[in-house]
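Please read the structure below before turning to the comments.
The values are calculated or read from the model by the stated rules, or taken from the named source; none is laboratory data. Computed from a prediction, not measured in an experiment: that's the story for all the values here. Neighbour counts run over all protein chains shown; Cβ positions are idealised from the backbone, glycine included. Just so you know, the surface numbers come from the protein's heavy atoms only, side chains and all, with ligands and any DNA or RNA stripped out. Shrake-Rupley method; radii C 1.70, N 1.55, O 1.52, S 1.80 Å.
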Amino acid sequence: MKMTNLLDLSPLKFVNYCKELGEMPFRAKQLQKWIHKFGVSDFNKMTDLSMSLRKKLKNSVYIKAPHIMSDQISFDGTRKWIFHVKKNIIETVFIPEKNRNTLCISTQVGCAINCIFCSTGRQGFVRNLTVGEIIGQLWVTEFKLRREKNIKINSQGKRQITNIVMMGMGEPLLNYKSTIGALKLILSDHAYGLSRRHVILSTSGIIPMIDKLAQECPVELAVSLHASNNNLRNKLVPISKKYPLKELILACHRYITYSPRHMITFEYCMLHGINDTDIHAIELISLMRKNKILTSCKINLIPFNCFPNSNLICSKNSRIKIFAKILMNSGIFVTIRKIRGNDINAACGQLSGKIL
Ligand code: SAH
Ligand code: SF4
């Protein structure tokens, strides 16, 4: 019998697996709880499972999580873990704040989209991560943080990670199946039980998959826009040639319509002299207004994080503020992202899978 890594199982696959073992469906929930709610990987400690099931498990499954290679903490508390996954390395970033703790997870090794301002894109695409490698980043860090704080493993309500952003390395919607499997675990009451509001998936704009996500797992959506017109976007985010800006905005509109309480976040990386003039801001307002999305979106201005040989410069602070003001005056909700973890290369777009 082929051995199965339990971390690779989505909630549905837990049920199917238990069926295969000749067990009742409720066993799937129990097993899922032991692993993802309590972080227990020793079958002997799964006390509400029958002895015969524990024996079957010992013979047919194993638990293999990503292995921590490096653990760095920034002066601002941001923590970056580098994980070994098979022959590759990926990065995961923990951002503690007063009212929430966010984990930024990776979905691919490298990325095929190759946005000009992104260090992950420079690496090119290496491979998709499995469900176990995606959820494993949360599994390892959540229970590591609990242990560090001496929180009893099975105590309820002591969750360390309260928010998830799929904004690490890779394009989550180009690794759709594994990303959905991991998201279902993140949302499952028998696993991490996070609310949809606390889970954000960020995409460069893979239109057919945005529609699929709306139907299968409508979490919060962030779209990497970065440009106010199609020509400019084609240069900054090359996938735009396949999925043009106009159609992308329409897909965002459908996403909100599908689940009316949603608000789309547009990410906009501020690049000096490239996309940061008053004209770009005005063009952006007209794009939002024309597509009737102006009041149901938020624009998150991200100061460009530099990396070696990028040949790009971040807009000046004063420019970012003026840009934000123009947008705000039109009624758009705008935020300016604080740079976190810059000293350990944990900021957006600095994740390159290198150990410092
Ligand atoms: N591939 C997905 C998610 C990962 S990138 C996406 O593109 O949305 C996460 C965010 O970081 C995106 O908004 C991306 O545009 C932004 N980003 C990438 N490189 C950056 C850089 N050097 N400086 C600032 N933001 C960057
Ligand atoms: Fe890929 Fe996102 Fe980086 Fe673009 S910004 S190269 S889509 S990871």
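Residues in segment 168-186 that are in contact with an Asp or Glu (Cβ under 7 Å, 6 or more places away or on another chain) and open to solvent by 10 Å² or more (accessible area, probe 1.4 Å) were compared, and the one that is farthest from ligand 2 (Cβ to nearest atom) is I180. Does L312 satisfy being assigned by TED's automatic domain parsing to the domain that holds S195, out of contact with any helix residue (DSSP H, G or I) (no Cβ under 7 Å at 6 or more places or on another chain), within 16 Å of ligand 2 (Cβ to nearest atom) and within 18 Å of F117 (Cβ to Cβ)? It is true that L312 is assigned by TED's automatic domain parsing to the domain that holds S195, out of contact with any helix residue (DSSP H, G or I) (no Cβ under 7 Å at 6 or more places or on another chain), within 16 Å of ligand 2 (Cβ to nearest atom) and within 18 Å of F117 (Cβ to Cβ).
Residue count for segment 247-290 under the criterion of being out of contact with any Ser or Thr (no Cβ under 6 Å at 6 or more places or on another chain), among the charged types (D, E, K, R) and in contact (Cβ under 8 Å) with a residue 40 or more places away in the chain: the result is 4. When the criteria are applied in full, S310 meets the requirement of being within 15 Å of ligand 1 (Cβ to nearest atom), of a type outside the set (A, V, I, L, M, F, W, C) and in contact (Cβ under 8 Å) with a residue 24 or more places away in the chain. Restricting L103, L129, L138, L49 to residues that are farther than 23 Å from E171 by Cα and open to solvent by less than 10 Å² (accessible area, probe 1.4 Å) narrows the list to L49. When segment 313-329 is limited to residues that are away from ligand 1 (no atom under 16 Å from the Cβ) and within 21 Å of N230 (Cα to Cα), the one that is nearest to the chain's Cα centre (by Cα) turns out to be L327.
When R159, R127 are checked against the criterion of being closer than 20 Å to L183 by Cα and within 16 Å of ligand 2 (Cβ to nearest atom), a single residue qualifies: R127. All conditions but one from (1) away from ligand 2 (no atom under 13 Å from the Cβ); (2) touching a Pro at 6+ places or on another chain (Cβ under 9 Å); (3) within 19 Å of S10 (Cα to Cα) apply to L201; the one that does not is (1). Annotation: G77 fulfils all but one of (1) exposed (fewer than 15 other Cβ atoms within 10 Å of the Cβ); (2) at negative phi; (3) touching a Gly at 6+ places or on another chain (Cβ under 9 Å); the unmet one is (2). Output yes when any residue across segment 136-144 is within 20 Å of A65 (Cα to Cα) and within 16 Å of ligand 2 (Cβ to nearest atom), and no when none is. Yes, that holds for at least one residue.
Of the residues I293, I274, I299, I249, the single one that is modelled with pLDDT under 95 and surrounded by 15 or more Cβ atoms within 10 Å (Cβ to Cβ) is I293. Applying the set (1) within 15 Å of ligand 1 (Cβ to nearest atom); (2) open to solvent by 20 Å² or more (accessible area, probe 1.4 Å); (3) of a type in the set (S, T, Y) to S195 leaves exactly one unmet item: (1).
Can you confirm whether V109 is within 16 Å of ligand 2 (Cβ to nearest atom), open to solvent by 10 Å² or more (accessible area, probe 1.4 Å) and at pLDDT 95 or above? Here the answer is no, as V109 does not meet what is asked. So, S240, is that one assigned to a helix (DSSP H, G or I), without any contact (Cβ under 8 Å) to a residue 24 or more places away in the chain and either at negative phi or in the same structural domain as C111 (by TED's automatic domain parsing) (or both) or not? Against the criterion (assigned to a helix (DSSP H, G or I), without any contact (Cβ under 8 Å) to a residue 24 or more places away in the chain and either at negative phi or in the same structural domain as C111 (by TED's automatic domain parsing) (or both)), S240 does not qualify.
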